[in-house]
1. In contact (Cβ under 8 Å) with a residue 40 or more places away in the chain and hydrophobic (A, V, I, L, M, F, W, C): is that true of residue 63 in this structure?
2. If you check residue 48 against the conditions, is it in contact with a strand residue (DSSP E or B) (Cβ under 9 Å, 6 or more places away or on another chain), among the aliphatic types (A, V, I, L, M) and buried (at least 21 other Cβ atoms within 10 Å of the Cβ)?
3. Select from region 92-111 the residues that are out of contact with any Leu (no Cβ under 6 Å at 6 or more places or on another chain) and either assigned to a loop (DSSP other than H, G, I, E, B) or on the phi > 0 side of the Ramachandran plot (or both) and write down the one among them that is surrounded by the most Cβ atoms within 10 Å (Cβ to Cβ).
4. In this structure, is residue 15 farther than 15 Å from residue 109 by Cα and either hydroxyl-bearing (Ser, Thr, Tyr) or part of a strand (DSSP E or B) (or both)?
5. Given 20, 4, which one is outside any loop (DSSP other than H, G, I, E, B) and closer than 18 Å to residue 102 by Cβ?
6. Can you name the condition, by its number, that residue 75 falls short on among (1) farther than 17 Å from residue 110 by Cα; (2) free of Cβ contacts under 8 Å to residues at least 40 places away in the same chain?
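The values are calculated or read from the model by the stated rules, or taken from the named source; none is laboratory data. Source: prediction; values computed, not measured. Methodologically, a virtual Cβ is constructed for each residue, glycine included, from the backbone with ideal geometry; neighbour enumeration extends over all protein chains shown. These area figures cover heavy atoms from the full protein model, side chains too; ligands, DNA and RNA do not enter into them. Shrake-Rupley method; radii C 1.70, N 1.55, O 1.52, S 1.80 Å.
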Amino acid sequence: QVQLVESGGGLVQPGGSLRLSCAASGMRFSLYDGGWYRQAPGKERELVAAITRGGTRNYADSVKGRFTISRDNDKNTVNLEMNSLKPEDTAVYYCNVRRPTIGYWGQGTQVTVSS
């Protein structure tokens, strides 16, 4: 049974940092591409950052230079380091792992950036 469990969300002041982690189980994680998406109230879900199984990274323009995605195939995790957070980064963040014909989502973790 495939499971993705996210952790690390919370409340942080503008300019602060958070680290999100997604632990995968029930799959051969190294064969999957990974990513983080977010959805703010009233908005569509959007891609924040992605990392292929080969380690190639891709970022949304709005987070370039502030967020870093990484993966650890030994621990079956995909992580998102978020720095210089802004109020507009407030959203529910979702972990995603996928192959061409199948994908899985985590349950989401709330990130709130507010003073």
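1. no
2. Details: in contact with a strand residue (DSSP E or B) (Cβ under 9 Å, 6 or more places away or on another chain): yes; among the aliphatic types (A, V, I, L, M): yes; buried (at least 21 other Cβ atoms within 10 Å of the Cβ): yes.
Against the criterion (in contact with a strand residue (DSSP E or B) (Cβ under 9 Å, 6 or more places away or on another chain), among the aliphatic types (A, V, I, L, M) and buried (at least 21 other Cβ atoms within 10 Å of the Cβ)), residue 48 qualifies.
3. Step by step, filter region 92-111, then rank; the result is 108.
4. Answer is no for this residue.
5. Just one listed residue meets the conditions, 4.
6. Exception for residue 75: condition (2).
Matching residues to (1) assigned to a loop (DSSP other than H, G, I, E, B); (2) more than 20 Å from residue 4 (Cβ to Cβ); (3) open to solvent by less than 80 Å² (accessible area, probe 1.4 Å):
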position	(1), (2), (3)
35	no, no, yes
53	yes, no, no
63	yes, yes, yes
75	yes, no, no
